[in-house]
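The values are calculated or read from the model by the stated rules, or taken from the named source; none is laboratory data. From a predicted model like this one, the values you see are computed outputs, not experimental measurements. We place every Cβ from the backbone using ideal geometry, glycine too, and count neighbours over all the protein chains shown. Remember, those area values only see protein heavy atoms, side chains included, never the ligands or the DNA or RNA. Shrake-Rupley method; radii C 1.70, N 1.55, O 1.52, S 1.80 Å.
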Amino acid sequence: MSGGVSNVTVENLIVWNSRRAVRIKTAPGRGGYVRHITYRNLTFDNVRVGIVIKTDYNEHPDEGYDRKALPVLEDISFTGVHGQGVRVPVRIHGSEEIPVRNVTFRDMSVGLTYKKKHIFQCAFVEGRVMGTIFPAPCENLDRYDEQERLVKRSASQNVTDIDYDF
């Protein structure tokens, strides 16, 4: 992808018995943008990683790419995410050079199969959670109540809490 992807809506999706449910992946050298992406009414059943956004997916067709072409990832929302048997509900892996901006989570409840500390994983991401979110979201995201009033502002969008061991 060297152009861009924008204004995409994915809704009423059921994913079962899968390694990854929904994924956005890019890398330095790709350029372009991924913006205004909306996910609504997602159901996961027996999924290893539910939501993945990865900015270091280093696949290129050849060595002639521009390593300074950095993609932009922004305005991505997830509303109504539910499921069971999920090992890692969210893994957003931005980087210092490619941060993930303006991500929103609203109405999320995912049953877990793996009780480990790092189950909602984030690095170099900014955004918000609105209302009730389970499991607990990463510290990178601002917290809002059901009426969309700010409850707690994130101390840092650059906290790295990614664990690829599970």
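I need the fraction of alpha carbon pairs in the range 30-78 separated by more than 14 Å, rounded to a whole percent. Please list the in-between numbers first.
Details: 763 of 1176 pairs.
Across the range 30-78, Cα pairs with separations above 14 Å total 65 percent.
Taking amide H as placed 1.01 Å from N in the peptide plane, Lys25 has its amide H under 5 Å from the amide H of Lys54, each at least 5 places away in sequence or on another chain.
Taking every protein chain into account, the accessible area of the chain amounts to 52 square angstrom per residue (probe 1.4 Å). Take Thr55: with every protein chain present and a 1.4 Å probe, its accessible area is about 0 Å². Charging the Cβ of each Asp and Glu at -1 and of each Lys and Arg at +1, and nothing else, the dipole of the chain about its Cα centre rounds to 360 debye.
For the Cα trace of the range 95-154, dividing Rg by the Kirkwood Rh returns an Rg/Rh value of 0.98. Pair-distance distribution P(r) for the range 1-56, from all Cα-Cα distances in 5 Å bins starting at 0: 5, 17, 23, 22, 17, 12, 4 percent. What a 1.4 Å probe finds exposed on the chain is 45% carbon and sulfur by accessible area, rounded to a whole percent. Solvent-accessible area of Tyr33, all protein chains in place: 70 Å² (probe radius 1.4 Å, heavy atoms, ligands and nucleic acids excluded).
Gain on full extension, evaluated as 0.36 nm per residue between Leu150 and Arg20 minus their Cα-Cα distance, stands at 43.7 nm. Between Ala136 and Asn7, residue separation times 0.36 nm minus the direct Cα-Cα distance comes to 43.6 nm.
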